[in-house]
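The next block holds one structure in the form of structure tokens; read it before the comments.
Please treat every number below as a calculation from the coordinates, not as lab data. Keep in mind the model is a prediction, meaning the values are calculated, not measured. Glycine gets a Cβ as well: all are built from the backbone with ideal geometry, and neighbour counts include every protein chain shown.
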Amino acid sequence: MSGLAVYQDSPESLKSIHYGYDGTTAKVIKVDSNGRLYITTEIGTTVEVNANDFDIRNLSNTQDNVAVYGNDGTTNRILKTNDSGALQVSVGMNFTNQSENVTSADDYAGSTQRDISLQRQYSFFISNTGTNSAIVKVQISPDGTLWVDDSAEFTVAGAAALVLGPNKFANFTRISFKSATTGSSTGLTITYQSQA
């Protein structure tokens, strides 16, 4: 009788029957010997599939359209080869050109530090825009804090210029500069150029 509670001291002994409805009659849902739902189709135990050009085989580059793609960060792009099948690679060269104007003083000061960790080559073009001489040298650093001289000291006379390049590798580099004569400051334009 529906609505009555069922009490059973042995839950494993409690049995129930589940029904499905075919639109007209309630029918017991059948399971197999493992307790899985027993399902059959109206067309029997096998299903026949008809397919046209159903070809199971190894892929062939002469018969199949297979392509390998890379991603530019936004879009998938097909990889390109030449007539011999060698991968076509376009290597771009990045050029950096950065200038700053500084004024020398009696003690050494450092120009803006430059991260050269990924640069293939770099140099500093130092132009003395004043009339007094300045002393300059290249410094390098592993962390942007500890600086070590990477060149000798060079004197740049007023209205003169020189180019300094690297001797050793480190993560960062800069130009260290000061006045050649105490109390005689001068202006310098320090241009950093690099290729990656």
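Pull out all pairs, ordered by first then second residue, where Cβ-Cβ is under 6 Å, the residues are six or more apart or on different chains, the first lies in the range 70-94 and is among the basic types (Lys, Arg), and the second is assigned to a loop (DSSP other than H, G, I, E, B). If the second residue must be assigned to a loop (DSSP other than H, G, I, E, B), the pairs left are Lys80/Gln88. Does Thr112 qualify as being over 21 Å from the mean Cα position of the chain (by Cα) and part of a loop (DSSP other than H, G, I, E, B)? The answer is yes for Thr112. Of the residues making up the range 116-136, those that are over 28 Å from the mean Cα position of the chain (by Cα), surrounded by 15 or more Cβ atoms within 10 Å (Cβ to Cβ) and either among the aliphatic types (A, V, I, L, M) or assigned to a loop (DSSP other than H, G, I, E, B) (or both) number 7.
In the range 142-161, how many are part of a strand (DSSP E or B) and crowded, with 18+ Cβ neighbours inside 10 Å? Number of matching residues: 1. How about the range 170-192: which of its residues are surrounded by fewer than 15 Cβ atoms within 10 Å (Cβ to Cβ) and touching a residue at least 60 places away in the same chain (Cβ under 8 Å)? Thr182, Gly183, Thr189 - these are the residues of the range 170-192 that are surrounded by fewer than 15 Cβ atoms within 10 Å (Cβ to Cβ) and touching a residue at least 60 places away in the same chain (Cβ under 8 Å).
A Cβ distance below 9 Å, combined with a sequence gap of six or more or placement on separate chains, defines the contacts here; from the range 106-130, residues that are touching a residue at least 60 places away in the same chain (Cβ under 8 Å) reach residues that are acidic (Asp, Glu) and surrounded by fewer than 17 Cβ atoms within 10 Å (Cβ to Cβ) in the pairs Ser111/Glu100; Thr112/Glu100. Per the listing Gln88, Gln195, Gln113, Gln139, the residue uniquely loosely packed, with under 12 Cβ neighbours inside 10 Å, in contact with a strand residue (DSSP E or B) (Cβ under 8 Å, 6 or more places away or on another chain) and either within 30 Å of Tyr69 (Cα to Cα) or of a type outside the set (A, V, I, L, M) (or both) is Gln88.
Kindly evaluate Asn167 against the criterion of being closer than 15 Å to Ile116 by Cβ and free of Cβ contacts under 8 Å to residues at least 40 places away in the same chain.
Considered against the rule, which asks whether it is closer than 15 Å to Ile116 by Cβ and free of Cβ contacts under 8 Å to residues at least 40 places away in the same chain, Asn167 comes out as yes.
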